[in-house]
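Working notes for the structure below.
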Amino acid sequence: MSASLSWLSALAAGLLAARVVQKLWFPYFWRDLFFLMKVIRYGVKLELFKLTASVHTVLDRFIEQAQRIPNKPFVIYDGTVYTYRDMELRSNRLANVFLHNVHLKKGDCVALLMSNEPDFLSAWFGLAKVGCSVAFLNFNIKSKSLLHCFDCCGAKTLIIGSDLLECLDGILPSLLKSSIQVWTMKSHCEHPQVHTLQDKIDAASHQPVPAVLRATNSLKKPNLYIFTSGTTGLPKAAVITHLQSLKAAGGFWAFGATEADVIYIPLPLYHSAASLIGIGGTIELGATCVLKKKFSASQFWTDCKKYEVTIFQYIGELCRYLCNQPKLLFKYDLVKYDMTKEETVKDLHGFCQRVKKGETGLLLAKVSTLSPFFGYAGSKQLTEKKLMKNVFVKGDTYFNTGDLMAEDKDGFICFKDRVGDTFRWKGENVATTEVTEILGLVDFIQEVNVYGVEVPGHEGRAGMAALILRPGLRFDGKKLFEHANRDLPTYACPLFVRLQEVMEMTSTFKQQKFQLVHSGFNPSTISDPLYVLDYQQKSYIPLTQLIYNSIICGERKL
């Protein structure tokens, strides 16, 4: 009896010790284990598609949900509720219009230029139902950048929202010259070359088009193109396959969300976070989403309370943290990065060095069969530029995110900055080369150096341009304002301007940005003339100490 009691006591002590060790050293062990099992189960389902030669897409899942829960709210937009059945019938009408009026066929690529609204989803689903791949265009980009997007994805048709027709100013002739047909979500349009959709939608059938049009037998077939800003200065078309769409759609489910959740989506639908994860995740669950035309800090919590939101989507600029992702499955590393030389720090053997906990490093994501990188459409050079080889050992490959991040003691990571020729402002990547090229066209400017500066109380970095004037010419704030506002997205227009006599260069003859970034825009410490963007006066005006103080204390809105 005593021996049995001793054995039980020893076992209990051992279990207690193991529990204490687990709590101290592996506090998230069980949570991570259950998460891993869910993800593996979802991955197995995707692998089965390869065996059956039939892919069950996100669109197929939406059609299933529309049959299973037709009267459940799918999207709440500006107080109006759209059920799963409403969106199914609307997208069917659009599919019939695309097939019989627009004369699209399976395999065509169509560009979608729309702001956040229910018809973005109707058009997206309608195009997918006739077997078209869809290119989501950033409605902030203009002129040359917008035309470049069509070259990237090969789209010959543009669907444009009724509130974005002004984006066609100046580029419509170029689109027509390239044999690109343009359709808008209106019944009437003042542009005779722009075709209308709304009148045709009203007359179209809501019966589904043949399912064979949307059917696919390959997980790796591209179904979307989502454009990103890069260091080249022009948008790049990231290839989104059915595999990536399905992985993204399973995100909310993997983290424990259910069909009872209400998901708040304030991010633009042309970004993968809102479309692939937000809308795709809502569809996978059979949940409800609240779609905002754009993010509003003042309305955010009011909306959450009004619609009983349980999940909201964010990026680094909306919150100060990013949730960690389990290293078992999603391999990433933070490596040392020299901001002055704009390159990773290597050891004696030529390999990258990992940073310590709490230190800021460049975020690299391992490329493998579990997490492949499909590259950018139409450019092998751009794809290769984003990949780093022989990072830690010979033969490995990592994707360079271009983000500087830091990891805390609990394994949570947070965004710090962008590297190279980009910075983030208002939730968007700003390519300094694109801004430099646009500003360089102004007649009184000889040389431009664009970079981002920190502003207290604001996430990301505000754009600033160091300029050298042409001999004999003077700075014209109004002309610069008109030029920048016409040809650049609002978030990419420099907020500050610094006039210099000489542009500093690095030892490799690149423009020196490091010292400019750290010197900021304080007129009391900078002897060069400084200017600030003023939308009321529609000009760049002198940056006085009074204006600077109002920016620092948050009185002046940027």
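A quick yes/no check of all residues on (1) without any contact (Cβ under 8 Å) to a residue 24 or more places away in the chain; (2) among the acidic types (Asp, Glu); (3) more than 30 Å from Gly154 (Cα to Cα):
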| site | (1), (2), (3) |
| --- | --- |
| Ile40 | yes, no, yes |
| Asp60 | no, yes, no |
| Ile69 | no, no, yes |
| Lys72 | no, no, yes |
| Val75 | no, no, yes |
| Gly79 | yes, no, yes |
| Asn96 | no, no, no |
| Leu99 | no, no, no |
| Ala111 | no, no, no |
Would you say Leu488 is closer than 18 Å to Glu434 by Cα and modelled with pLDDT of 95 or more? no
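Looking at Phe34, Phe62 in this structure, which one is assigned to a helix (DSSP H, G or I), surrounded by fewer than 17 Cβ atoms within 10 Å (Cβ to Cβ), at negative phi and not β-branched (Val, Ile, Thr)?
Details: Phe62 fails: surrounded by fewer than 17 Cβ atoms within 10 Å (Cβ to Cβ).
Sole residue among the options that is assigned to a helix (DSSP H, G or I), surrounded by fewer than 17 Cβ atoms within 10 Å (Cβ to Cβ), at negative phi and not β-branched (Val, Ile, Thr): Phe34.
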Filter region 230-287 for residues that are at positive phi and touching an Asp or Glu at 6+ places or on another chain (Cβ under 8 Å) and give the result. Gly233, Gly286
Matching residues in region 39-59 - criterion: being modelled with pLDDT under 70 and outside any helix (DSSP H, G or I): Ala53
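Which one is farthest from Asp403 (Cα to Cα), of the residues in region 426-443 that are more than 22 Å from the chain's Cα centre (by Cα) and crowded, with 16+ Cβ neighbours inside 10 Å?
Step one: list which residues in region 426-443 are more than 22 Å from the chain's Cα centre (by Cα), which gives 436-443.
Then drop every residue that is not crowded, with 16+ Cβ neighbours inside 10 Å, which leaves 436-439, 442.
On the way: Thr436: 21, Glu437: 23, Ile438: 25, Leu439: 26, Val442: 31 Å.
By that ranking, first place goes to Val442.
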With criteria (1) surrounded by 22 or more Cβ atoms within 10 Å (Cβ to Cβ); (2) modelled with pLDDT of 95 or more, Ala237 comes up short on (2)
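Which of the residues that make up region 171-188 are in a loop (DSSP other than H, G, I, E, B) and either surrounded by 14 or more Cβ atoms within 10 Å (Cβ to Cβ) or touching a strand residue (DSSP E or B) at 6+ places or on another chain (Cβ under 8 Å) (or both)? Talk me through it step by step, then tell me what you get.
Going through region 171-188, the residues in a loop (DSSP other than H, G, I, E, B) turn out to be 171, 178-180, 185-188.
Once the filter is applied, which keeps residues that are in a loop (DSSP other than H, G, I, E, B) and either surrounded by 14 or more Cβ atoms within 10 Å (Cβ to Cβ) or touching a strand residue (DSSP E or B) at 6+ places or on another chain (Cβ under 8 Å) (or both), region 171-188 yields Ile171, Ile180, Met185, Lys186, Ser187, His188.
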Checking Gly554 against (1) without any contact (Cβ under 8 Å) to a residue 40 or more places away in the chain; (2) part of a loop (DSSP other than H, G, I, E, B); (3) under 30 Å from the mean Cα position of the chain (by Cα), which single condition isn't satisfied? (1)
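Let's see how each residue does on (1) more than 20 Å from Tyr225 (Cβ to Cβ); (2) among the β-branched types (Val, Ile, Thr):
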position	(1), (2)
Val81	yes, yes
Leu89	yes, no
Ala95	no, no
Ala111	no, no
Which of (1) buried (at least 19 other Cβ atoms within 10 Å of the Cβ); (2) in contact (Cβ under 8 Å) with a residue 24 or more places away in the chain; (3) in contact with a strand residue (DSSP E or B) (Cβ under 8 Å, 6 or more places away or on another chain) does Phe412 not meet, given it meets every other one? (1)
When you scan region 266-275, do you find a residue that is open to solvent by 40 Å² or more (accessible area, probe 1.4 Å), assigned to a helix (DSSP H, G or I), within 18 Å of Thr57 (Cα to Cα) and of a type in the set (S, T, N, Q), even just one? yes
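The values are calculated or read from the model by the stated rules, or taken from the named source; none is laboratory data. Just so we're clear, the structure is a prediction, and the values are computed from it rather than from any experiment. We place every Cβ from the backbone using ideal geometry, glycine too, and count neighbours over all the protein chains shown. Note: accessible area is taken over every heavy atom of the protein model, side chains too, but ligands, DNA and RNA are not part of it. Shrake-Rupley method; radii C 1.70, N 1.55, O 1.52, S 1.80 Å.
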